[in-house]
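The values are calculated or read from the model by the stated rules, or taken from the named source; none is laboratory data. Please read all numbers here as calculations on a predicted model, not as lab measurements. Cβ placement follows ideal geometry from the backbone for every residue including glycine, while neighbour counts extend to all protein chains displayed.
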There are 2 protein chains.
Amino acid sequence: MCYNLKMKTLDSIKQRVDLAVSQLHFANQPESLYSPIEYILSLGGKRIRPVLSLIVCDLYSDDIEPVINPALGIEVFHNFTLLHDDLMDAADKRRNKPTVHKVWNANTAILSGDAMLIVAYQLISKTPNEHLKEVLSLFTTTALEICGGQQYDMLFENRLDVTEDEYLEMIRLKTAVLLACSLKTGAIVGGASDKDASLLYDFGINLGLAFQLQDDLLDVYGDPEIFGKNVGGDILCNKKTYLLINALKNANTAQRERLVDWVNKEHFSPEEKIAYFTKMYLELGIKELAENKIKYYYAEAVKCLSQLSVCPSQTQLLKTVCEDLMNRDF
Amino acid sequence: MCYNLKMKTLDSIKQRVDLAVSQLHFANQPESLYSPIEYILSLGGKRIRPVLSLIVCDLYSDDIEPVINPALGIEVFHNFTLLHDDLMDAADKRRNKPTVHKVWNANTAILSGDAMLIVAYQLISKTPNEHLKEVLSLFTTTALEICGGQQYDMLFENRLDVTEDEYLEMIRLKTAVLLACSLKTGAIVGGASDKDASLLYDFGINLGLAFQLQDDLLDVYGDPEIFGKNVGGDILCNKKTYLLINALKNANTAQRERLVDWVNKEHFSPEEKIAYFTKMYLELGIKELAENKIKYYYAEAVKCLSQLSVCPSQTQLLKTVCEDLMNRDF
């Protein structure tokens, strides 16, 4: 079925999202409560989550205006998690600019973040009445899952025995569910069937897992010019990525001992550590393992799309966004 | 008009609130995300906010069950503000027990607090459909006001020129609006008229201001046995209370200089500092000034009650709670 014959272009959807973000209005006082919110939102980002909500709503309805507010709520929530995560991770930079707790201070980061979470709910609450309960409930479940994901991520810092399943569950919670929530919110507000809404949710989960695993891979093998991050950042801070977890699992006793030695070293040459792990990943076939896992989730994502009850031609935009995301071109 | 002829007793309402709090169910995993929420809720407290919601709902409806979830949401939100405020204020104790960031750590306090704010919204979202938008909107406005109040409170720490009006606005935001929100939520869900809902809101604002001003007064003149806090805590940390603000305003040049000297002293005998301020408050008639202000707001609160469209006899319970609160007997 082709529900909506006049589909919007990706550019027009991106423009609609940018306009909506630029029109977000916050109270003026107290200035030091709201300025950090405007600051973090001004740092940009791809706005991928609201864009996905709008694209999906456009699949099922010729009016995307009703999804603007919940889509913005998801974007504000996402930026709230960045604000509080940066504080918890003591990160100095976000998108090459100083983080909120660096520009202001920790207390301002806590309180402005709290206000931001409330603003996110304020926007979600503007969902049209007939879909409000369902959208609210999905958003709340998702938000709690994301807190859980961040907690697991922090707990994993002090563990060397994180399993692949635990890791996949952590990135599902920390990254994938919000993409899935954005897509499903667009489906609910657009009036999709429960089956389509659920397929779009699963599409988001698989896309999110593929995306995060690729992020792990690009940390080691990415072109810093395109990727925008220094190579080996995860290696230097012993982040329990898909790569490290599988290296530790597949290593023989001697290899494992040397890997653990490197993890525990307090003084080392960064280049040497990165080179060592890169070589070990090669020896253990970790790159291929990760690539296969990414391909698997990506294929699962595409499979979800193919089962939607819309014209196959209409899912082209979602596929394009998917590809752009994976190629870091979005 | 007597809307509800079978009014509940205060004891039965308190019991209903305690039961509902004890039945709050949180996810089990990750344990370190949810345990701090259970911990802070287990520290007790008067549960005054949900009790007020239930009392008011009972005024207008013979079924108070529909207000239980939003009332719990307000209580969870209140405890969330305590959790994050304690972290921001670096407070070691809450109700004579170590604060969450002391038992766990700062990151856990941030993240569990965030989860708690989301749980508060989850409970608010369970408001019956016909009142959901109104209750959500009131709650969100109130929650943002409370963040503003906390921000002003922190900003005032570094200022000696806080005016009485600024102070009253700060305590309105930080304390009064949540009491007002609790009362109005009970009115909305109970089906009160807009006029009564608004009068109950104003009743809460006036009661909250009277209560907070009395808190300032009890810091100096209260019996620690009854009040549960050490005398002079606000004086020792130079808190810009109603008393200090008016002492600085009404002092002559010499008195003001000595007061400012005491404020700026880094090394001093606590007893001597408390004795000095207490003497100065007496000389400047500050106690009487505060008492008159409290009486004024209390009378305004009672005036709001007298204008409600319910049987005067039915407001007796609210008056009793008011008196108990002011006498710290609640």
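Scanning the range A:204-242 for residues that are of a type in the set (Phe, Trp, Tyr) and buried (at least 18 other Cβ atoms within 10 Å of the Cβ), we see that the one that is nearest to A:Arg172 (Cα to Cα) is A:Phe211. Count of the range B:90-106 residues, restricted to those that are in contact with an Asp or Glu (Cβ under 9 Å, 6 or more places away or on another chain), in contact (Cβ under 8 Å) with a residue 12 or more places away in the chain and outside any strand (DSSP E or B), is 3. Looking at the range A:125-138, which of the residues that are part of a helix (DSSP H, G or I) and either at the interface with another protein chain (Cβ under 9 Å from one of its Cβ atoms) or in contact with an Asp or Glu (Cβ under 9 Å, 6 or more places away or on another chain) (or both) is nearest to A:Ile40 (Cα to Cα)? Applying the filter and picking the extreme gives A:Leu136. In the range A:34-47, of all residues being crowded, with 20+ Cβ neighbours inside 10 Å and touching a Phe, Trp or Tyr at 6+ places or on another chain (Cβ under 8 Å), the one that is nearest to A:Thr142 (Cα to Cα) corresponds to A:Ile37.
Residues that are outside any loop (DSSP other than H, G, I, E, B) and surrounded by fewer than 20 Cβ atoms within 10 Å (Cβ to Cβ) within the range B:58-68 comprise B:Glu65, B:Pro66, listed in sequence order. Residue-level check: of (1) assigned to a loop (DSSP other than H, G, I, E, B); (2) under 28 Å from B:Cys237 (Cβ atoms); (3) within 11 Å of chain A (Cβ to nearest Cβ); (4) not aromatic (Phe, Trp, Tyr), B:Ala109 misses just (1).
Quick check on my filter: what residues within the range A:20-44 are among the β-branched types (Val, Ile, Thr) and out of contact with any strand residue (DSSP E or B) (no Cβ under 8 Å at 6 or more places or on another chain)? Selection gives A:Val21, A:Ile37. Of all residues in the range A:197-224, those being more than 17 Å from the chain's Cα centre (by Cα) and under 17 Å from A:Ile274 (Cβ atoms) number 5. If you go through the range A:25-57 and keep only what is within 14 Å of another protein chain (Cβ to nearest Cβ), closer than 21 Å to A:Ile124 by Cβ and outside any helix (DSSP H, G or I), you end up with A:His25, A:Phe26, A:Ala27.
Applying the condition of being in contact with a Leu (Cβ under 8 Å, 6 or more places away or on another chain) and surrounded by 15 or more Cβ atoms within 10 Å (Cβ to Cβ) to the range B:83-96 and asking which residue is modelled with the lowest pLDDT yields B:Arg94. Listed by position, the helices (runs of 4 or more DSSP H) inside the range A:194-245 whose residues that are modelled with pLDDT of 90 or more number at least 2 are A:194-221, A:233-236.
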